[in-house]
Each structure stands twice: as C-alpha cells, then as structure tokens.
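Colleague: The following block contains the structure, expressed as structure tokens.
The values are calculated or read from the model by the stated rules, or taken from the named source; none is laboratory data. None of the values given here were measured: they were computed from a predicted structure. Ideal geometry is used to build each Cβ from the backbone, glycine not excepted, and the neighbour counts take in all protein chains shown.
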Amino acid sequence: MVSSDKDVVILAIESSCDETAAAVVRNGREVLSNIISSQIALHTLYGGVVPELASRKHIERINQVMEEALAEADMTLNEMDAIAVTYGPGLVGALLVGVAEAKAVAYAAKKPLIGVHHIEGHICANYIENKELSPPFLCLVVSGGHTHLVQVEDYGVYRIIGRTRDDAAGEAFDKVARAIGLGYPGGPKIEKISREGNADAIVFPKAKVAENPYDFSFSGVKSAVLNYINGCKMKNIPVIQADVAASFQKAVTDVLVEHAMMAVDEFQKDKFAIAGGVASNSVLRAGIERACRQKGIAFYCPSPVFCTDNAAMIGTAAYYEYLAGRRDGWDLNAVPNLKLGER
C-alpha cells in the first residue's frame, strides 16, 4: 500500500438497501459529513423492504443527499480526491442508482471512481471512532443480510472463517418480530420489548454446523420460535411477546458470542471488533465486550449510527483502496451477490 503525504478527501455514496446516504471523509478516519435519508417509515407499511420502492426513493433523494453532504462538509466537488460508491452486495436496483450517480459525478468532475464492497465498509466503520485500531484483528459482521466472522489481515485483505448457512442474524430478527406481531424493523423492536421479558423463559436451540464450527445457522431457531407460537395457539396458551423475544435474542447472541470467542482462542488475536446493523444491539455488544474483557483482549465497536448502513463507512474503506491504487472504470456495475474479497 502506498502512503499519501497530503490529505485525501473522498465523497462516498451508499444505496445498497433502503438508506440513501452520502458522506465526505478525510484521510479515512475523519468524517466531515454523514447524511442518511431513511426509508423505514415507507417500508414499515409493507412489513419489510420492497426493492422497487427502495430504488425509486433512491432516485428521488440521491442528488439532494449528495449535495447536503458536500454542504455540511463545507466543500465542493472539485475539492474531492475521489468518488466512492457501494457496488455490492445488496439489492440490484438500489445499487444501480448509487453506481450510476457515482459514475456520472466522477466523470463530470474528472475524479477517480472507487467501487467499495458493502461488508468491507461495515468492517472499516470501526476505524472512524477508534483511531488507534489497525489490522490484524477479528471482526464479527452481523447485519440484515450477512453474518460473517472475518480475519482482517490487513487493510483490504480479509479471510472469512465463518458465515451463515441460511438466514443472517438480522433476517432472523425481522422474521421472528413479524411472527410475534412486532412488525418491521425487527431488530430494534425485539431488543426493546426484550427488556421486559425473561430471557430464560424458553430454551430455543443453538445450531452447530458440523463441517465448520465457525459457520452460523439461524433458520432453526427461527423455526423453533414459530413452532412454539403455533403450539401455544393449539393449546390456548397465551404467548408472552416479551419472553419469546428475550429468549430468542439470547439464543442468537449466545451463539454469536461463543463463535467469536472460539475464534479468538484459535487465532490468538488480541483485538476483536463487531460491525453491521445488528452490532447496535445492546445485548450483543455487552456480551462480546464482557467476553473480551474476561480474555484480556481489546474490544471495538462503532456507534450505532455507523453500524447501520451509512456512507461514512464507505468513504473510510475507499480511502484504503485509494492508497492501494484501486481505480475503477466507467464499466463498474452493481454486483448484488458480491463476495467479500472479490474484485
């Protein structure tokens, strides 16, 4: 990786799902602006993200969000050193809006274009507030679409040691929340109601994957919750929402913590980070932090605003790609199933 003896300022765009976001980031760790236009109110009406509606909203908002990001940073497009954008993974229509915008802006302003992997962005969110953090370290990425246990070997160099075989953790939260009548988005609603429940009221299963002890599977615990609810209905037993939510949350977070600490022991890392939307869950954060403290290793996590989808994390990831010499052409396209480490 080459170094830079001058400030590098990047305008970043993120539109992989239902947040239209733009940010200006200096030298990878200083966020000058971070604008997020959320679509949660819209998609709540339908119980989840509707891809076509998400794409339309991105088209409506993306120019305004980008202009707001530049205005808040008190900078102009000409002062940017590069334009960065999430190009995968995500919803293909949503990604295409961001990629098209970034290409048009980069071309018009004669600026380099840098495509960023969404999961790499989540991992790099840890650098924003933890200036001292540098690779190597382990990172647990938990979001609506992904659950990865990753070895961060260097900036831009990742090795996945565990991943979900079916539902991601955030996806399971959404499905269970819908099943017990909480609605969308599931993660925050389950966390909130769980505070009133007994996490030991119901013992839900914790799946183990024989071929790889670091892989995850959350479809079983989701099915167990549905079976429990159906069983209660058949027996005319009231379903206590708070107990079901708390017990489910405990089953999921216990598995995440166990896998994380097993990796710490095997790979002998002294730094552990979490990232992604579910990383804002206070029970998970507390569980990992407690486990790290017991093992005497450093624990890192972004603030909740940098856990959910945002463009600041994309700008941070793009900075290290910029230093490594990555530049994309005008043929950059959306890749909805992009794997971490692929180019």
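Colleague: I'm trying to understand the selection: among the residues of region 304-322, which are closer than 13 Å to ILE36 by Cβ and hydroxyl-bearing (Ser, Thr, Tyr)?
Modeller: THR308
Colleague: Within region 208-228, work out how many residues are over 25 Å from the mean Cα position of the chain (by Cα) and part of a loop (DSSP other than H, G, I, E, B).
Modeller: Qualifying residue count, region 208-228: 2.
Colleague: How many residues does region 229-244 hold that are buried (at least 17 other Cβ atoms within 10 Å of the Cβ), not hydrophobic (A, V, I, L, M, F, W, C) and not in a helix (DSSP H, G or I)?
Modeller: Within region 229-244, residues that are buried (at least 17 other Cβ atoms within 10 Å of the Cβ), not hydrophobic (A, V, I, L, M, F, W, C) and not in a helix (DSSP H, G or I) number 0.
Colleague: Tell me the residue from ARG159, ARG163 that is assigned by TED's automatic domain parsing to the domain that holds ALA263 and in contact with a Leu (Cβ under 8 Å, 6 or more places away or on another chain), please.
Modeller: Matching residue, one of ARG159, ARG163: ARG163.
Colleague: Here is a check on your reading of the model: is PRO336 over 30 Å from ASP7 (Cα atoms), in a loop (DSSP other than H, G, I, E, B) and free of Cβ contacts under 8 Å to residues at least 12 places away in the same chain?
Modeller: No; evaluated as a whole, the condition is false for this residue.
Colleague: I need a count of the residues in region 1-46 that are under 20 Å from the mean Cα position of the chain (by Cα) and not basic (Lys, Arg).
Modeller: The qualifying residues number 29.
Colleague: Let me ask something additional. Quickly run through region 264-282 and pick out the residues that are within 26 Å of GLU191 (Cα to Cα) and crowded, with 19+ Cβ neighbours inside 10 Å.
Modeller: Matches in region 264-282: PHE272, ALA273, ILE274, ALA275, GLY276, GLY277, VAL278, ALA279, SER280, ASN281.
Colleague: Enumerate the pairs (first residue in region 70-83 and farther than 11 Å from ALA12 by Cα; second residue anywhere and of a type in the set (Gly, Ala, Ser) and not in a strand (DSSP E or B)) with beta-carbon separation below 6 Å, excluding pairs fewer than 6 apart on the same chain, so at least 6 apart or on different chains.
Modeller: So the pair list comes out as LEU77/ALA109.
Colleague: Search region 153-189 for residues being in contact with a helix residue (DSSP H, G or I) (Cβ under 6 Å, 6 or more places away or on another chain) and of a type in the set (Lys, Arg), and hand back the single one that is surrounded by the most Cβ atoms within 10 Å (Cβ to Cβ).
Modeller: For region 153-189, the residue satisfying everything is LYS189.
Colleague: Taking region 273-295, which residues are free of Cβ contacts under 8 Å to residues at least 12 places away in the same chain and either of a type in the set (Lys, Arg) or closer than 23 Å to GLU153 by Cα (or both)?
Modeller: Correct list: ARG290, ARG293.
Colleague: When ILE114 is evaluated against the numbered criteria (1) in contact with a Gly (Cβ under 7 Å, 6 or more places away or on another chain); (2) outside the structural domain of THR253 (by TED's automatic domain parsing), which criterion, by number, is the only one it fails?
Modeller: Only one criterion in (1) in contact with a Gly (Cβ under 7 Å, 6 or more places away or on another chain); (2) outside the structural domain of THR253 (by TED's automatic domain parsing) is unmet by ILE114, namely (1).
Colleague: Still on this structure, please answer the following. Taking only region 119-171 into account, find how many residues are among the basic types (Lys, Arg), modelled with pLDDT under 95 and more than 27 Å from PRO185 (Cβ to Cβ).
Modeller: 1
Colleague: Still on this structure, I have one more. In region 193-207, which residues are surrounded by fewer than 14 Cβ atoms within 10 Å (Cβ to Cβ) and within 26 Å of the chain's Cα centre (by Cα)?
Modeller: ARG195, PRO205
Colleague: For region 72-109, how many residues meet the condition of being at negative phi and either at pLDDT below 95 or touching a Cys at 6+ places or on another chain (Cβ under 8 Å) (or both)?
Modeller: 2
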